[in-house]
Amino acid sequence: MKRKTAMLFSLLSVLCWAVSPTLIRLVKDWFSVGFQNFFRYSLSLVILWIFTAVSLRKSSLRSRFVLMKKHVPSLILTAVFNFTHQYFLIAGVFLLFPGITAILEESTLLFSFLLSYLFIPSERYFLRDRILRTGIIITLTGLAFTLIPEVLSSGSSAAAGGNSVRGVIYILISSASWALFTFMIKTRVPPVESYFATSFLFTIVVPLFVITMLFEGGGRIILPEAPMSAWAVLAVSSLVGIGLAYSFYYTSIKMVGIMFSSTIGLLIPVIASIVSFFLFDERLSLIQIAGSLVLLSGCLIIVRREAGLSQENRNSVIEG
């Protein structure tokens, strides 16, 4: 039951994050990178704290704050990784289409597996398995086939006039930051409710986005003038892409670990590419389509093998 619940949370986070780049790009002409981040996180933060206050008694809130205060350095570092991930993700979406952005974000898989192998002994058995290693190699090969056309300015975003090289760099930085953020949640954040931990972390992150807005405005904050429809899209992207997605994902990785959540997240490029095709007429090159198919094949191997290894590991523990 625990695994099924974790899978549900992972799939819900996938759906949220798959549509998030599309919403971000829809309003990029109205709102800057810094303002989008600030608005989306601030709105989600208010709702999360209201939900947290209603869900927990006053005494429970106090005890959790005491627990979090003991881990402030780790929480600040976690929030910084969250900040760099989100800032460079949106900066990348401004330059690349949502579909190719979602595909390139799967470079997180490499960083996640590396961190797991180096610092989480209980998950090292995954990378010792020959079939799983083969799946990882296939997945990364497919990722390379989708990345190279963008770098060579022959990919979908380059054809639309985007700055592909800079966009690719931004997404890779974002992916590395997300792997570090996930690792910190798994290993350093205290075991509290996901909505409380998310609220606490976002409280640290929001002031960092205020600083980015000051840089964008040359030392002052400039409020954008946008139609109500643009504000509505920005609000929806906040609730879906941040408030809901982070809560679902946080719960998932606490229940089953980094690797399972990361592999389920590989479904995001499929959904994002379909949505982007209909909204932005994003068309991947033939090489990128082939790369995506290879990537998905590797993902299938990883997901099936990971599930099998998890069951074998649990059985060996029981038998032992």
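Taking only pairs six or more apart or across chains, which ones have beta-carbon atoms under 6 Å, a first residue in region 294-305 that is closer than 13 Å to VAL270 by Cβ, and a second residue that is small (Gly, Ala, Ser)?
If the second residue must be small (Gly, Ala, Ser), the pairs left are LEU295/GLY142.
For GLY298, work out the one condition from (1) crowded, with 16+ Cβ neighbours inside 10 Å; (2) at pLDDT 85 or above it doesn't fulfil.
The single condition GLY298 does not satisfy is (2).
Condition first: part of a loop (DSSP other than H, G, I, E, B) and surrounded by 24 or more Cβ atoms within 10 Å (Cβ to Cβ). Now tell me which residues in region 83-125 satisfy that.
Of everything in region 83-125, those that are part of a loop (DSSP other than H, G, I, E, B) and surrounded by 24 or more Cβ atoms within 10 Å (Cβ to Cβ) turn out to be LEU96, PHE97.
Exactly one condition in (1) more than 22 Å from ILE204 (Cα to Cα); (2) among the hydrophobic types (A, V, I, L, M, F, W, C); (3) modelled with pLDDT under 85 is false for LEU23; which is it?
Just one mismatch for LEU23, condition (3).
Return yes or no: is PHE196 open to solvent by less than 10 Å² (accessible area, probe 1.4 Å), modelled with pLDDT of 80 or more, in a helix (DSSP H, G or I) and more than 18 Å from PHE88 (Cα to Cα)?
Against the criterion (open to solvent by less than 10 Å² (accessible area, probe 1.4 Å), modelled with pLDDT of 80 or more, in a helix (DSSP H, G or I) and more than 18 Å from PHE88 (Cα to Cα)), PHE196 qualifies.
Answer yes or no: is there a residue in region 15-22 that is open to solvent by 60 Å² or more (accessible area, probe 1.4 Å) and either touching a residue at least 12 places away in the same chain (Cβ under 8 Å) or over 30 Å from SER273 (Cβ atoms) (or both).
Taking every residue of region 15-22 in turn, at least one turns out to be open to solvent by 60 Å² or more (accessible area, probe 1.4 Å) and either touching a residue at least 12 places away in the same chain (Cβ under 8 Å) or over 30 Å from SER273 (Cβ atoms) (or both).
I'd like to know if region 62-82 contains one or more residues that are open to solvent by less than 10 Å² (accessible area, probe 1.4 Å), hydroxyl-bearing (Ser, Thr, Tyr), farther than 16 Å from PRO207 by Cα and in contact with a helix residue (DSSP H, G or I) (Cβ under 7 Å, 6 or more places away or on another chain).
No.
Check off (1) more than 11 Å from LEU234 (Cα to Cα); (2) in contact (Cβ under 8 Å) with a residue 24 or more places away in the chain; (3) open to solvent by less than 50 Å² (accessible area, probe 1.4 Å) for MET7 and give me the number that stays unchecked.
Going through (1) more than 11 Å from LEU234 (Cα to Cα); (2) in contact (Cβ under 8 Å) with a residue 24 or more places away in the chain; (3) open to solvent by less than 50 Å² (accessible area, probe 1.4 Å) one by one, MET7 breaks only (3).
What single numbered condition from (1) modelled with pLDDT of 80 or more; (2) open to solvent by 10 Å² or more (accessible area, probe 1.4 Å) fails to hold for ALA307?
Checking ALA307 against (1) modelled with pLDDT of 80 or more; (2) open to solvent by 10 Å² or more (accessible area, probe 1.4 Å), the one that fails is (1).
Do any residues in region 91-117 that are closer than 19 Å to VAL270 by Cβ and aromatic (Phe, Trp, Tyr) have Cβ atoms under 9 Å from those of residues that are in a helix (DSSP H, G or I) and open to solvent by 20 Å² or more (accessible area, probe 1.4 Å), where the two are at least six apart or on different chains, and which pairs are they?
Matching pairs, first to second residue: PHE97/ARG25; PHE97/SER273; PHE97/PHE280.
Being among the β-branched types (Val, Ile, Thr), under 16 Å from PHE83 (Cα atoms) and modelled with pLDDT of 90 or more is the filter here; which residues of region 210-251 pass it?
Within region 210-251, VAL210, ILE211, THR212 qualify.
Which of the residues belonging to region 204-246 are among the hydroxyl-bearing types (Ser, Thr, Tyr) and open to solvent by 50 Å² or more (accessible area, probe 1.4 Å)?
Scanning region 204-246 gives a single hit, SER229.
The values are calculated or read from the model by the stated rules, or taken from the named source; none is laboratory data. Just so it is clear, the structure is predicted and the values come from calculations on it, not from any experiment. Here Cβ is always computed from backbone atoms with ideal geometry, including for glycine, and neighbour counts include all displayed protein chains. Keep in mind that these areas ignore ligands, DNA and RNA; they rest on the heavy atoms of the full protein, side chains included. Shrake-Rupley method; radii C 1.70, N 1.55, O 1.52, S 1.80 Å.
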